[in-house]
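The values are calculated or read from the model by the stated rules, or taken from the named source; none is laboratory data. Quick caveat: nothing in here was measured; it's all calculated off a predicted structure. Cβ sites come from the backbone with ideal geometry, for glycine too, and all protein chains shown count toward neighbours.
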Amino acid sequence: MAKLQRSSPSSRYFYPWPVVLVSCVDEKGKPNIITIGASSICSSNPPTVGIAVGTMQYSLTLINQTCDFGVNLPRADQVRQVDFCGSKSGRNMNKFEAAGFTVQRSLLIRSPLIEECPVSMECKLIETVHLGNHDWLIGEIVAVYCDESILDEAGNFDPSKCNPLFAFWSEYWSIGAKLADWHFMRRESCLGDQA
Ligand SMILES: Cc1cc2nc3c(=O)[nH]c(=O)nc-3n(C[C@H](O)[C@H](O)[C@H](O)COP(=O)(O)O)c2cc1C
């Protein structure tokens, strides 16, 4: 089959990213949520996360005021709330109340977290890269919270219990079947210890 060059370069062809809900707060204490499809872990030590926020977004103004934000990972069955937070601006409404989310107080940052999301992270803004119509915000993760529902009996994180939500080509997708563990090839005899 032929591999055809598309008419213009675009990052949209990337395969799914997890959808995250970024929480922030204004100077009067009104919390806000923005749905973000473009996010990534950046480094593991220190633990950092990056998010692409449009330069015109109301949430960007709030994050720049506090220099922090929350990253909350929703479940696939929260897709209606996710889409709502990505379709309305918090300029004139309280999206926590409108979407039926509860404010979870943070310990180390001013931005709140979302209690109903199974994973939430407190992030301090450490760097901003101006790229064009989006800024790439890098936050250091200073605290992480996991709901008991995604832990196994020993209290360890269990990915099979998370039911994450992904953004793929302007559509929402949930996760498919597990294929293998990382580095499974190292255990196969053809590679031995060479990998
Ligand atoms: C699935 C989805 C993914 C989105 N991803 C991004 C993104 O990565 N960056 C961004 O700036 N806006 C993104 N948006 C748009 C914002 O969430 C949307 O403009 C939101 O209403 C902005 O909220 P605010 O005005 O309260 O800041 C996305 C929206 C949806 C529905």
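Residues considered: ASN92, ASN133. Of these, the only one that is of a type outside the set (A, V, I, L, M, F, W, C) and free of Cβ contacts under 8 Å to residues at least 12 places away in the same chain is ASN92. The listed residues are ILE114, ILE141, ILE63, ILE109, and the only one of them that is surrounded by 15 or more Cβ atoms within 10 Å (Cβ to Cβ), within 11 Å of the ligand (Cβ to nearest atom) and among the β-branched types (Val, Ile, Thr) turns out to be ILE63. Scanning segment 85-106 for residues that are among the hydroxyl-bearing types (Ser, Thr, Tyr) and surrounded by 14 or more Cβ atoms within 10 Å (Cβ to Cβ) returns a single hit, SER106.
Put simply, of SER23, SER11 the only residue that is among the small types (Gly, Ala, Ser), touching a residue at least 40 places away in the same chain (Cβ under 8 Å) and out of contact with any Lys or Arg (no Cβ under 7 Å at 6 or more places or on another chain) is SER23.
For segment 71-84, the count of residues that are within 14 Å of the ligand (Cβ to nearest atom), of a type in the set (Lys, Arg), surrounded by 21 or more Cβ atoms within 10 Å (Cβ to Cβ) and over 17 Å from ALA38 (Cβ atoms) is zero.
Criterion applied to THR66, THR48, THR55 was being β-branched (Val, Ile, Thr), in contact (Cβ under 8 Å) with a residue 12 or more places away in the chain and closer than 28 Å to SER160 by Cβ, and the one residue passing it is THR48.
Just checking, does segment 43-65 include any residue being under 15 Å from SER106 (Cα atoms), in contact with a Ser or Thr (Cβ under 7 Å, 6 or more places away or on another chain) and of a type in the set (Ser, Thr, Tyr)? No; the residues of segment 43-65 include none that is under 15 Å from SER106 (Cα atoms), in contact with a Ser or Thr (Cβ under 7 Å, 6 or more places away or on another chain) and of a type in the set (Ser, Thr, Tyr).
Scanning segment 21-57 for residues that are crowded, with 16+ Cβ neighbours inside 10 Å and more than 16 Å from ILE114 (Cα to Cα) turns up GLY37, ALA38, SER39, CYS42, THR48, VAL49, GLY50, ILE51, ALA52, VAL53, GLN57. For segment 10-39, filtered to residues that are among the small types (Gly, Ala, Ser) and within 11 Å of the ligand (Cβ to nearest atom), the residue that is farthest from CYS85 (Cα to Cα) is SER11.
Among the residues examined, SER111 does not qualify as at pLDDT 95 or above, touching a helix residue (DSSP H, G or I) at 6+ places or on another chain (Cβ under 7 Å), over 27 Å from ASN156 (Cα atoms) and among the hydroxyl-bearing types (Ser, Thr, Tyr). One residue stands out in segment 165-180 among those that are under 14 Å from ARG75 (Cα atoms) and within 13 Å of the ligand (Cβ to nearest atom): the one that is surrounded by the most Cβ atoms within 10 Å (Cβ to Cβ), namely LEU165.
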